[in-house]
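A short write-up of the structure that comes next.
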Amino acid sequence: MNKTDTASQLGFELHTAARLLKRNFDRRAKSHGLTRARWQVLWILNKDQGMKQAALAERMDVAPITLTRQIDLLEAEGLVERRPDPQDRRCFRIFLTAAAAPVLDNLQGLAGETRTQALAGISADEQQQLMHLLSRVRENLSREETVE
């Protein structure tokens, strides 16, 4: 396999692995009543509480209007709450409630199961190397994102 074929195949493998990782996790989450849209909101907020709804939509790569319905549903279930932004009265910041903690614990368990399956047969050293290489790929692609 020449260098061009390898690079082309690598892109395909990255895309396919990411797609399968998401599908595997989605299947596990769905069995617990969690759609991708729902678990993504909770997962992102767990890492970054108090995001503006527009920033959350951008992070999820969805239109803000699409996210509004998910926030409404999660708020009705008592898992998130909207709070007015003290610097901008036109927008709200989104926060998790205490009721989200058990759901997040469940999500973390499902993520662990998915990772275990995905990384079966890959040594700790190989995992470190993979993480390092994927970080470099992400950094290379992120440079272009910040230029736009």
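The values are calculated or read from the model by the stated rules, or taken from the named source; none is laboratory data. From a predicted model like this one, the values you see are computed outputs, not experimental measurements. Each accessible area value is taken on the protein alone, full model and side chains, heavy atoms only, with ligands, DNA and RNA left out. Shrake-Rupley method; radii C 1.70, N 1.55, O 1.52, S 1.80 Å.
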Handout entry: Most mobile listed residue (Ile94, Ile44, Ile65) in the chain, GNM with C-alpha springs under 10 Å
Key = Ile65
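Mean separation of Cα pairs under 8 Å and 6+ residues apart, divided by the residue count of the chain: what relative contact order is that in percent?
On the way: 95 pairs, mean separation 30.1, N = 148.
Normalised by residue count, the contact order of the chain is 20 percent.
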Exercise for the section: Return one number: the angle in degrees, 0 to 90 and rounded to the nearest 10, between the long axis of the Cα atoms of helix 3-30 and the longest principal axis of the Cα atoms of the chain. Expected result: 40
Handout entry: Surface accessible to a 1.4 Å probe, per residue, for the residues of the chain, Å²
Key = 71
Exercise for the section: Mind putting together the pair-distance distribution for region 1-42? All Cα pairs, 10 Å bins, whole percent per bin, short to long. Expected result: 27, 33, 21, 15, 3
Handout entry: Portion, in percent, of the accessible area of region 1-65 that falls on carbon or sulfur, probe 1.4 Å
Key = 57
